[in-house]
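To keep things clear, I will list the structure first and then write my remarks on it.
Just so it is clear, none of the values below were taken in a lab; they were calculated from the coordinates. Just so it is clear, the structure is predicted and the values come from calculations on it, not from any experiment. No Cβ is skipped: glycine too gets one built from the backbone with ideal geometry, and neighbour counts run over all protein chains shown.
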Amino acid sequence: MYAATDDTRVKGVTNGQTGDPWAPINVTENKVLTPSENSFRYRQLCSILFGGDFKRPIGFSDVDNGYIVCRALTPDDTAREYNLERIIRFYNAASDDPFDTPDESQIAEEAKTRIQKAGQAASIFSDALDWLFCEDVEEGPSSGLMSAYKKQNPDEPAKACDRQKNALHSRIDQNFFSRLFNAPDMDDAERYTFWETVLVDALRAQWNDAKHLCPEKDRWERVARAQSVFENRTRSTFTYAKQFANDDEHENTEDGLGQPDRRAVADLQ
């Protein structure tokens, strides 16, 4: 009641499997999920819902529509506790099980595709950041991070870049489940256009924040080169995005994209 313990709290169970009907079980490791903040974010949450790595709670059988309710009280590394919650509205317009594996469910297949494209967005963003903070702007990322800048700011800019990357995933996360369960009713072009537009909006919004962190040394050349890499890769990768179909008509708004970690725009200033 009052303190943590290294002993098993409930005797006679294996790896925390007490039979709670709400607890996902990792079938590979044969143990109950230990929830963390990452468990509530789109990448790990999809592995729980669609990936086949987890035996889901009994409420996931024979479902047509409803809500996925994720709740947990979990500590972080500083022993502070967080009451985490995420509620996702779902429905199933097709005859298959929406929470089956990607081989069996169109919705699970769409989730897998969204994660892959989000990974491409993260790669583009990371590449642009590498150009922004490279040692030699002529040689680019192959020259490594700025050593002089790191001496003045220990552990930076690596930590600042990591926070920017996490902030990008936060923006993506806010819209990940939007229209996901509409996938069976949408053709390929509709699905690609919707998700790639979300990703480009998130990329541009976060990149505008990240550029403020650029070091003063060769500042404008760094920004120009990084911006060129960013735009060229974004346009060539996300050809269905509305921004590139017609930049003038598309409303580039951050509504619903989530807010980045406040520290992300404060670093290195």
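Worth pointing out:
- Qualifying GluC sites (Glu not before Pro) for segment 177-248 [loop in DSSP, other Cβ within 10 Å: at most 12]: Glu216
- Per DSSP, loop trypsin sites (Lys or Arg not before Pro) in segment 1-81 with at most 12 further Cβ within 10 Å: Arg9, Lys11, Arg80
- Note on Ile88, Ile25: ascending count of other Cβ atoms within 10 Å places them as Ile88, Ile25, the fewest first.
- Compactness of segment 25-91 as Cα Rg over 2.2 N^0.38 Å, two decimals: 1.18
- Dipole magnitude of segment 25-91 about its Cα centre (Cβ charges: Lys, Arg +1; Asp, Glu -1), debye to nearest 20: 100 debye
- Taking each of Lys55/Lys165; Lys165/Lys217; Lys159/Lys217; Lys112/Lys242 in turn, the alpha-carbon distance tops 26 angstrom for Lys55/Lys165.
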